[in-house]
Amino acid sequence: MGEPSTPEAAPVDPAAPLLLFDSGVGGLSVLAEVRKLLPDAPVIYAADNAGLPYGDKTEAQIAARVSGLLGRMTERLRPRLVCIACNTASTIALAAVREVLEVPIVGTVPAIKPAAALTQTGVIGLLGTAATIRQGYVDRLEAEFAADKLLLRHGAPELVAAAEATLRGHPVDPAVYARAAAGLTSQPGGERIDAVVLACTHFPLVAAELGAAFGPDVQLIDGAAGIARRIGFLTREQSFISKVPDLALFTRGDDNHVELDPVLARYGLMDRGVF
Ligand code: DGL
């Protein structure tokens, strides 16, 4: 008689989606990387646009919203994995959500480690929402990976609105990007910044505009490719079958979705609904 075998986890339904969650369109910057790595994965993209912007809310409000919504969504949508494609929600609520949900949860946290590896001047900028930049989670990443660097932080809520507007085809005043850049470069030591962490998933959606505002000597860094790799690793033994078109869900229905439809289609999201 051999050893009693350990119980195996139930096989994952090949049609079970990956659920990507954000307050708005920001998580599409993560979805783009997930698509590159896992082109066959069924996806549901959920935007809590009724709660947008998260960056202006308190920790308690964000934690309650994100845990409540993800609890209901995982029950109803049965994802194989949840990606909180939002730095604000992840830095505040990741631990709490992991406590209560059984499904694997991948968070999005500021890419301070790669920025610290890349900087030549030793001065790193971090752009995030007002809520993200004050988190202990960011302090811990700074202490762990950038203790010998100068990390300057700036909260840029205007950039969230700018990304939402840009994806809907609305014009944005370039002064918004200049102000975000100046919020970092005008701080003591800021003139030596050569790497900027985009610590909000909305910001890579306006990377070209931000790149122009910072100039060619500054590299912009975000964590989307790393998050996609983590999702690829956690699903490495699973198969994927798409039985239905990938869906974009919103918590508020009266939000000019029609303007977003061409963008959603570009990210392979062919259907939309209200959660
Ligand atoms: N996309 C979100 C993030 O990564 C936040 C945007 C918001 O303020 O809702 O932080």
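The figures follow:
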quantity	calculated
Percentage relative contact order, segment 111-205, counting C-alpha pairs under 8 Å, at least six apart	44
Residue order, fewest to most beta carbons within 10 Å, for I133, I241	I241, I133
Per DSSP, loop GluC sites (Glu not before Pro) in segment 78-174 with at most 15 further Cβ within 10 Å	E102
Prolate/oblate/rounded call for segment 71-133, Cα gyration tensor, a/c under 1.5 rounded	prolate
Mean separation of Cα contacts under 8 Å, 6 or more apart, over the residue count of segment 151-202: relative contact order %	42
Positive-pole candidate from V206, A178, G125, dipole of segment 114-265, charges at beta carbon	G125
Residues R192, R266 arranged by fewest to most Cβ contacts within 10 Å	R266, R192
Computed label-point distance, nm, for sites D56 and D40 using a 7 Å Cα→Cβ extension	4.5
Rounded if a/c under 1.5, otherwise prolate or oblate - segment 197-275, Cα gyration tensor axes	oblate
Burial ordering of S242, S23, S90, fewest other beta-carbon atoms within 10 Å first	S242, S90, S23
Global geometry of segment 31-81, whether rounded, prolate or oblate, following the gyration tensor of its Cα atoms and the 1.5 cut on a/c	oblate
Among F240, Q187, A41 - extreme Cα towards positive end, dipole of the chain, charges at beta-carbon	F240
Within the chain: Cβ-based charge dipole about Cα centre, in debye rounded to nearest 20 (Lys, Arg +1; Asp, Glu -1)	140
Those residues of segment 50-91 whose amide nitrogen sits under 11 Å from the label point placed on R140, 7 Å along Cα→Cβ	91
J(HN,Hα) series, segment 34-43, from Karplus relation 6.51 cos²θ - 1.76 cosθ + 1.60, nearest Hz, glycine and proline x	5, 4, 4, 7, 10, x, 9, 6, x, 10
Net dipole in debye of segment 137-205 [+1 Lys, Arg Cβ; -1 Asp, Glu Cβ; about Cα centre; nearest 20]	100
D_trans [Stokes-Einstein, Kirkwood Rh over alpha-carbon pairs] for the chain, 4 °C, 1.567 mPa s, µm² s⁻¹	67
Relative contact order %, the chain, counting alpha carbon pairs below 8 Å whose residues are six or more apart	26
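FYI, it's all coordinate maths here, none of it is from the lab. Note that this is a predicted model, so its numbers are computed, not measured. Counting neighbours? That spans all protein chains shown, and the Cβs are built from the backbone with ideal geometry, glycine included.
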